[in-house]
Amino acid sequence: MGNASSIEPTKTIFLDIDGKKEKIMFSRHCGTRDIHDLIAHAAGVSRYAEISLKDSTGAFVSLNPTMPINTQSSPYKVTSKEPSPTTESSNGDGEVFTQVLSQVASQFNNQFSKEGVFKVEEIKTDIATRLSALERKMELEGLKAVEIEKCKRDISDIKDQIWNAQKKFVDFNRLSGETQTPSRDTHIMNRKQTLSTYRKYTLSQETIEYLKQPTFDIWHWEPNEMLSLLEHMFHELGLVAEFNINPITLKRFFLCVQENYRNNPFHNFRHCFCVTQMMYGMIHLCHLWEVMTREDLGILMTACVCHDLDHPGYNNTYQINARTELAIRYNDISPLENHHCAVAFKILSNPECNIFANVDKDTFKRIRAGITMLILATDMARHGEIMDNFKMKLEPEFDYKNKDSLDTLKMVLIKCCDISNEVRPMEVSEPWVDCLLEEYFNQSDREKMEGLPVAPFMDRDKVTKPTAQIGFIKFVLIPMFETVAKLFPVIDSTMVEPLRIARDRYEDMKEKNSMPPPPSQSNKKKTVTEK
């Protein structure tokens, strides 16, 4: 166990480029290649140029994120030299790549010919590993931009062929009705977005600190920015180092997760980010690294990211009453949560997106069991059972060394984060109520049309915003967060108190809505005349 890694501020380095003064800024997460490319851009040379730095004494300076900070009056002298193209480097790599592509194509054709055996899963891992190595080779050895793009197109074509061929034999979670179809033809390994559209954002120190707060406003961020913020959380908590995650694989994982959240009013990618950010905030607020391992923190964060994957916008009650294939498949037992787990591990089964590819089998087994346990715990049908179990663990004293106790705590934490919107300021939380009611009304309208039972709290003819929230805050949220506050007292002022304020606000709103409208002026005059 240990503290989460601290965040160093962005570094500023001053340069002298042929007598012209320039400055560059980079964070500790930048690699040497990133800094090299940044200086090359400032110097107006290609990224393949040789770059060297000298200080005011003429000594060479190492080009890496730990280089000493200088001042404007003592800039580093920049020397650059463009490489001379050689037939060996340009043609050699092209020949190697062509040979590998030929081998891949040959292997692919043999496996899918009439005489071959269908071994999709076996060759998929092998091909993905080799292609990944080639991608790194292209970047490291500096192929020309045109050659890189051509190679990437060839790689993409092969991946698409493998995916399309596999879809003929694996029809994952395809359901019959339009609104009952969680898989949407299963875009789990068919990324619409590419890493070229995944922009890199430099986070200010203010944003870095704000991201740790429960008051964080999630409405101000675009999808690509949310991806970068998620990436930062995993780096800052030390999870990338803990699981030896390839940073490119982490990006692909988040892209694939984003692709597999639907555009529902409420259960969408922004909700996924919202829940994950709240967990990140609680980790810092409660100093959870003092009572949990980094492996535990990784399980918590990954479960939050995946907890509503491919949510169709219709809850478990609808799935069961409508007898959807999901309900049949999972025997009416948490059909949605089971589906979220299945999609999560379908994504992780793709070597390109498997952020746990570098852990041993026993560790992955623990991770899989932990993530599955936490996602299944988000089914509100289990709320009473989980909370009663947690209260028992608190008496007489909570035992952090007991696995069962720690698992129960983690289940309660993800439940808190999943339904934590009212903990946030009103301007952040209230739009979520509108989104949730819209999703509820969509479901109740469909249930009426299909002759299925309709829950009163989902019926647009019966529910209002205050009535929807008051009971939920009073009987679910406040008691749950008050119980967690017994372990972490800081929760009372930062989370329970905002919930009490939200409860009072909705009760005032309800009272105002129930008051009869004031009599009009015409009615007043009539009353006076009659008297």
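The values are calculated or read from the model by the stated rules, or taken from the named source; none is laboratory data. Keep in mind the model is a prediction, meaning the values are calculated, not measured. Positions of Cβ are backbone-derived with ideal geometry, glycine not excepted, and every protein chain shown enters the neighbour counts. What goes into the accessible areas is simple: the full protein's heavy atoms, side chains included, and nothing from ligands, DNA or RNA. Shrake-Rupley method; radii C 1.70, N 1.55, O 1.52, S 1.80 Å.
With the full set of protein chains in place, find how many percent of the accessible area of the range 199-269 is carbon and sulfur; take the probe as 1.4 Å.
On the way: 1370 of 2790 Å².
The nonpolar share, carbon plus sulfur, comes to 49 percent.
Could you do me a favour and compute the accessible area per residue for the range 245-385, 1.4 Å probe, result in Å²?
Details: 4440 Å² over 141 residues.
Using a 1.4 Å probe on heavy atoms only, each residue of the range 245-385 averages 31 Å².
Suppose every Lys and Arg Cβ carries +1 and every Asp and Glu Cβ carries -1, with no other charges. What dipole size does the range 219-276 come out with about its Cα centre, to the nearest 20 debye? Working shown, then result.
On the way: 4 positive and 6 negative charges, 42 e Å.
The calculated dipole for the range 219-276 is roughly 200 debye.
Arrange the peptides 438-446, 277-285 so that the one whose residues have, on average, the most other Cβ atoms within 10 Å appears first. Present the calculation step by step, with values, prior to reporting the outcome.
Numbers: 438-446: 17.8, 277-285: 23.1.
By packing density, highest mean first, the sequence is 277-285, 438-446.
Ignoring ligands, DNA and RNA, what percent of the 1.4 Å accessible area of the range 307-437 is carbon and sulfur? List each step's numbers first, then the result.
Values: 2790 of 5410 Å².
Here carbon and sulfur together make up 52 percent of the probe-accessible area.
Once the whole set of protein chains is in place, how much accessible area is left on PHE472, using a 1.4 Å probe, in Å² to the nearest 10?
Rounded to the nearest 10, the figure is 70 Å².
In the structure displayed, which of LYS11/LYS81; LYS365/LYS403; LYS361/LYS410; LYS448/LYS474 lie more than 20 Å apart, Cα to Cα?
Values: LYS11/LYS81 25 Å; LYS365/LYS403 15 Å; LYS361/LYS410 22 Å; LYS448/LYS474 29 Å.
Going by Cα-Cα distance, LYS11/LYS81; LYS361/LYS410; LYS448/LYS474 fall outside the 20 Å limit.
Top to bottom by accessible area (1.4 Å), largest first, where do GLU295, GLU50 land? Present the calculation step by step, with values, prior to reporting the outcome.
Values: GLU295 30, GLU50 120 Å².
Correct descending sequence by accessible area is GLU50, GLU295.
Considering only protein heavy atoms, what is the solvent-accessible area of HIS220 at a probe of 1.4 Å, reported in Å² to the nearest 10?
For HIS220, solvent-accessible area is about 140 Å².
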